[in-house]
Amino acid sequence: MVEVGSIDNPLRVAIIGSGPAGFYTVSNFLKHKDLHVEMDMFDRLATPFGLVRAGVAPDHQKDKSVIRAYDKSAASPNFRFYGNVEYGRDFTMDDLKQHYHQVIFTTGSPVDRDLGIPGEELNGSHSATEFVAWYNGHPDFTDRNFDLSQESVAIVGIGNVAMDVARILCKTYAELAETDMADYALEALKQSKVKNVYLLGRRGPAQAAFTPPEIKEMGELIDADVTVSPEEANLDGASLRSIQANPDKNVAKNVAFITDYSTRERSGKRRLLTIRFLVSPTEIIGHDGKVIAIKLVKNEGYQAEDGSVRARATEVEEEIPVGLVFRSVGYRGAALPAVPFHESWGTIENEKGRVQSADGNQATGLYAAGWIKRGPTGVIGTNKTCAQETVKCMVEDIGAGVHFNPAETATSAMETLLRERQPNLVTYEDWKKIDQAELAKGEATNRPRVKFTSVDDMLAVLGR
């Protein structure tokens, strides 16, 4: 038997998901020069790059520059991309076992966590993910409607996604018109009547999940003032003790920006961004089925037994009149057919990326990387080391002979099967044509790109 990973018997790997974790899986495998690997990547969308395309804020073009590195990986003759195909619909686990030695899932965390309070179902209550996907031109979200005629908006959560939503709502049309935001979203935001935006954090400034660059940007908005109440900007005793015990330069920077904003006077800009701390929503209040306000309870910080600073409710309550609410309190993965899933964590059951079956043993041939492996933590680059850990395990398992034994090992076999089931399959070469068409449209209008927001329009570029 010829060894798996040799020239005559290449290791065949299927990568389900084409976001950062998927592409870092490719680049990590390519570092193993002594291992001959054939990698096929699959995505439900017709376009690659996951949240780099559909999640990174359109006014943060620098963050999208990682695509250049992904392009280099995709240029490998041992790599193939198959878009517009869905695991569980167009191909199954049995198909994967027939064609690959190993399968790695890098499908992210596409589902929003709920607040678990009354009123979440009201018209005008949305997940932040919906809004982000909508303004980024995600084909699944182009038909969403957000009532931007409302003057006041609450964003529950204070991580970087919440900051992105607040910033997009506060920016001027001229600022947004320089981005690759979807045209329909750009037009809708041009007509926006939003004047007051509230960012609501459950804990204090020292525990905020945003990063220093994100909070710094809030003080540089052209036509929006930013404010924090001095009372909520002050650190409680638990936070001060925590900072002294565990100094963190990013926390120090965040606190410094918040302190600065608490001393600023309004300069008369058209919009006002109010950042709140130590408040939690207890109800979204409606009238005639529509959001009219959000009820908050004031929290206090305390130090838990493990040393972390947590928040607990007091008896102080308030209401803020708002007509639109965005929920941004975390994300979770979605269960996949025939893959062990930890329901409460929202991740695939795994140990260092090796998928674990219900009995706690390793599920031969199955792996995970990215958010579906570890949960929605870290930045884009975090997925690089995450994928590295999993690939290390995959390489070890190949050396130990732990893998599937595919009957179909021809490079073209899976593509042939997929084209029979999904004639509108999109390859990486197809994607480059779509990419070039978007870039050309962008160049004509002095924008980074103008996105196609429907799969039909993308296929039309390909003459289908």
query = When both residues are 6+ apart or on different chains and their Cβ atoms are under 6 Å apart, which pairs have a first residue that lies in the range 243-261 and is in a helix (DSSP H, G or I), and a second that is surrounded by 15 or more Cβ atoms within 10 Å (Cβ to Cβ) and of a type in the set (D, E, K, R)?
reply = PHE257/LYS216
request  = Search the range 324-344 for residues being among the aromatic types (Phe, Trp, Tyr) and closer than 25 Å to PHE131 by Cβ, and hand back the single one that is surrounded by the fewest Cβ atoms within 10 Å (Cβ to Cβ).
outcome  = TYR331
key: Criterion violated by VAL339 - all others in (1) outside any loop (DSSP other than H, G, I, E, B); (2) at pLDDT 95 or above satisfied   = (1)
request  = Evaluate the following for ILE275: is it in a strand (DSSP E or B) and in contact with a Phe, Trp or Tyr (Cβ under 9 Å, 6 or more places away or on another chain)?
outcome  = yes
Boolean, LYS64 is over 15 Å from the mean Cα position of the chain (by Cα) and surrounded by fewer than 22 Cβ atoms within 10 Å (Cβ to Cβ) = no
Number of the exception - GLY219 against (1) out of contact with any strand residue (DSSP E or B) (no Cβ under 6 Å at 6 or more places or on another chain); (2) surrounded by fewer than 19 Cβ atoms within 10 Å (Cβ to Cβ); (3) small (Gly, Ala, Ser) = (1)
ask   = With (1) buried (at least 17 other Cβ atoms within 10 Å of the Cβ); (2) at positive phi as the list, and TRP431 as the residue in question, which single condition is left unmet?
value = (2)
message = Please determine whether any residue of the range 137-153 is in contact (Cβ under 8 Å) with a residue 12 or more places away in the chain, within 22 Å of VAL297 (Cβ to Cβ) and either touching a strand residue (DSSP E or B) at 6+ places or on another chain (Cβ under 9 Å) or surrounded by 18 or more Cβ atoms within 10 Å (Cβ to Cβ) (or both).
response = yes
query = Which one of the conditions (1) under 22 Å from the mean Cα position of the chain (by Cα); (2) modelled with pLDDT under 95; (3) among the charged types (D, E, K, R) does ASP43 fail to meet, given that it meets all the rest?
reply = (2)
key: Check on SER65, among the polar types (S, T, N, Q) and in contact with a Phe, Trp or Tyr (Cβ under 6 Å, 6 or more places away or on another chain)   = no
ask   = Among VAL450, VAL426, VAL402, VAL391, which is farther than 26 Å from GLY137 by Cα and crowded, with 19+ Cβ neighbours inside 10 Å?
value = VAL391
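The values are calculated or read from the model by the stated rules, or taken from the named source; none is laboratory data. Remember, it's a predicted structure, so these values are computed and weren't measured experimentally. Because the Cβ atoms are built from the backbone with ideal geometry, glycine has one as well, and the counts that use them run over all protein chains shown.
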